[in-house]
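Read-outs: derived from the displayed coordinates by stated rules, not from any lab. Please read these numbers as outputs of a predicted model, since none were measured by experiment.
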Amino acid sequence: MTFQNDLLEGKTAFVTGGFSGIGAAIANALAQLGAHVVAAGVPLPEGAPDALNRAVRRVTLDVRSDDDIAAALHAFERLDIVVNCAGVISRGDEHRIDVFERVMDINLHGTMRVCTAARALLKASGGCIVNTASMLSFFGGGLVPAYSASKGAVAQLTKSLALAYAADGIRVNAIAPGWIATPLTEALQSDDGRSQAILERTPLRRWGTPDEVAQVAVFLCTPAASFMTGAIVAVDGGYLVA
């Protein structure tokens with residue numbers, strides 16, 4: 001942790017996809033800096049570890065549901081930070097139109113739904129949004145056309161909302177994680193050939209951790225990033241430039 005412990009004291013944050021992986025790491029990191037954090041997501045599979053610390057409040061939320069989003073945000077009197085981490089991937093099945101549409105609806109439309117619903121609260125506080133893009137915002141993915149398309153669109157959405165929301169005093173940025181060791185990448189981590197190819201392409205020669213991504217996301221939520229908006233920040237061990 002490279003930030004002072006009370007840096008976000010008095011701030012309130014809402015993190016979608018916040019029950020596991022990168023989302024949970026971001027929720028925990030925000031809470032450690034003094035923010036009141038609400039993590040939202042769908043219930044985890046039975047037996048999955050609880051990644052959230054006790055300071056983070058949990059709410060069930062499906063980002064495909066306008067009613068769910070409205071109900072979750074209605075509970076906030078003040079909102080300073082929104083982090084959109086809700087996302088799915090369906091390797092090998094995304095050429096089916098029904099699967100393609102589901103992935104797009106969660107990853108892209110869900111991000112837009114939350115941003116739109118939170119805009120008024122963030123305007124009142126002069127708050128910020130951090131979306132989750134990906135290395136596949138920049139590269140194609142033959143097995144994951146929906147995930148790749150959705151993450152490319154999230155990057156462009158971030159830039160567009162940065163322009164649209166600037167007059168409201170709302171900053172909108174995105175993180176673009178590289179190959180991070182999370183439940184979403186377990187299949188790749190366990191595939192020796194694919195994992196080796198990833199590591200050979202990554203200059204730092206290792207998988208990243210959710211906590212490393214969280215630190216960059218937190219930075220974008222702090223006064224240190226007060227003149228940043230519309231940025232897509234790669235957190236990838238150098239993969240993008242290799």
### Task
Rounded to the nearest 500, what is the 222 nm mean residue ellipticity of the chain from helices alone, with -39500 (n - 2.57) per DSSP H run of 4+ residues and division by all residues?
-11500 deg cm²/dmol
### Spatial separation of Cα centroids for the range 85-128 and the range 3-52, in angstrom
18 Å
### Task
Evaluate the relative contact order of the range 1-59 (contact order divided by residue number), counting alpha-carbon pairs under 8 angstrom at least 6 apart; express in whole percent.
37 percent
#### Entry: For the range 11-91, the Rg and Dmax computed from alpha carbons only, in angstrom
12.1, 40
## Note on the structure
For the chain, averaging the sequence separation of alpha carbon pairs under 8 Å that lie six or more residues apart and dividing by its residue count, the contact order in percent is 19 percent
### Summary
Whole-Hz Karplus couplings 3J(HN,Hα) for the range 154-170, θ = phi - 60° and coefficients 6.51, -1.76, 1.60, Gly and Pro as x, run 4, 4, 5, 4, 4, 5, 5, 5, 4, 5, 5, 9, 4, 5, 8, x, 9
### Message
Please compute, for the alpha-carbon atoms of the chain, the extent along each of the three principal axes and give them in descending order in Å.
### Response
49, 40, 40
